[in-house]
């Protein structure tokens, strides 16, 4: 196990973890490498080339803006969303860009930022090639990066970094079966296994502070989503609905026993409307599915009697463990396996996490997570106009409600279930590999071509 919950839950900006957060990180890493290799002073031009899904839906997902911000030296969890438009306008108006804010060079977007919509590099559907040249046009450095989902990036030709090489965790796991076995042998809950592993890399206080910060950012995101009216950017003229829906729920209330589900819908939609607008969100495990984990967390804290902060910690630690299983054994990239790898994974994470928060056993957690994915298998990623709006915003609401229902089924069933979480993770990945590429974040099929953009 090499992945940390710090990587599963990352603070960044919208609208996409794979198309915004990942490319920004990759561009910044490339720019930093020019400085580290002491060739920055020789650079007079950079060329950015986007391939596959990044090229096909990059404009709608803000990939062009993301790579420019990365060259400036911005990082997703610190950049001020309110400053982004001004920074991009400065580059486009002056046709110059200060690499890492230091060396200013010419940058003509039509010449230096290329979208290869008909080309896919073999490493991953989300590929980028960055090149730096000197005054004579001679290449000084070229690097290929892949944005592999959830804001994670990898560089072509380099093995993934291993945290285990620094200090191995006490309870390494690579499957849900491992988690259940470790739990049985040591009488540990899944959340305790994860916490002990995280403590191999950082202090317990740091882990708990990170969870607290993640929850704080999620709460702020919902609050902004409830308050911000207007039309989402991108040209589809999608109206923000969360503010009006929240007001109606607050004004009229409801004796309907399912009224909490109305709030769950609104929590999820508020987050994903913020994401669609480029606001600050928590990648959990992706931006396209960023509304599900916070919506179910809000449900737990607001509507579950005797909900506690300790229960919330169990929720995040357990959900993180489930996210790690998908990240390491399958994929969380919509461009690789469709939306089952985003909304499906988030639903599975939230279902298992909620079971843990409610005091469920490890097997109930595993069962809830399995149900959460089993009924998202085969979900395509077909955003209209390449924007993370339709069907993404409502899909998060549906995924949140499904997660709660999956948890309820698992918590009330004491018999052994037939399908294991490990089996459903393997099935999800196989299904994604069998899925036609046009249904995987290309906007070449599905709703993206059968609904007229307005």
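FYI, it's all coordinate maths here, none of it is from the lab. Since the model is a prediction, treat every value here as computed from it, not as a measurement. Note that each Cβ is placed from the backbone with ideal geometry, even for glycine, and that neighbours are counted across all protein chains shown.
Computed over the chain, relative contact order equals 19 percent, with contacts defined as Cα pairs under 8 Å that lie 6+ residues apart.
Given the DSSP H assignment, sum -39500 (n - 2.57) over each helix run of at least 4 residues in the chain and divide by its residue total; what's the result at 222 nm in deg cm²/dmol, nearest 500? All intermediate terms of the calculation are to be shown ahead of the outcome.
Working: 19 runs with 230 residues, N = 454.
Mean residue ellipticity, 222 nm, calculated: -16000 deg cm²/dmol.
Label separation (residue 156 vs residue 244): 4.7 nm, computed from points 7 Å beyond Cα along the C-beta direction.
Arranged by the count of other C-beta atoms within 10 angstrom, fewest first, what order do 124, 210 take?
Numbers: 124 25, 210 18.
Least crowded to most crowded, the residues run 210, 124.
Fewest first, what order do 16, 400, 33, 94 take by the number of other Cβ atoms within 10 Å?
On the way: 16 40, 400 32, 33 16, 94 12.
By the 10 Å Cβ count, ascending, the order reads 94, 33, 400, 16.
Principal axis extents of the Cα atoms in the stretch 282-429, from largest to smallest and rounded to whole angstrom, are 44, 33, 22.
Arrange the following residues from fewest to most other Cβ atoms within 10 Å of their Cβ: 142, 431, 286. Please list the in-between numbers first.
Numbers: 142 13, 431 18, 286 30.
By the 10 Å Cβ count, ascending: 142, 431, 286.
Here the Debye sum runs over all C-alpha atoms of the chain as equal scatterers in vacuum, and log10 of I(q)/I(0) at q = 0.06, 0.10 Å⁻¹ comes out as -0.24, -0.68.
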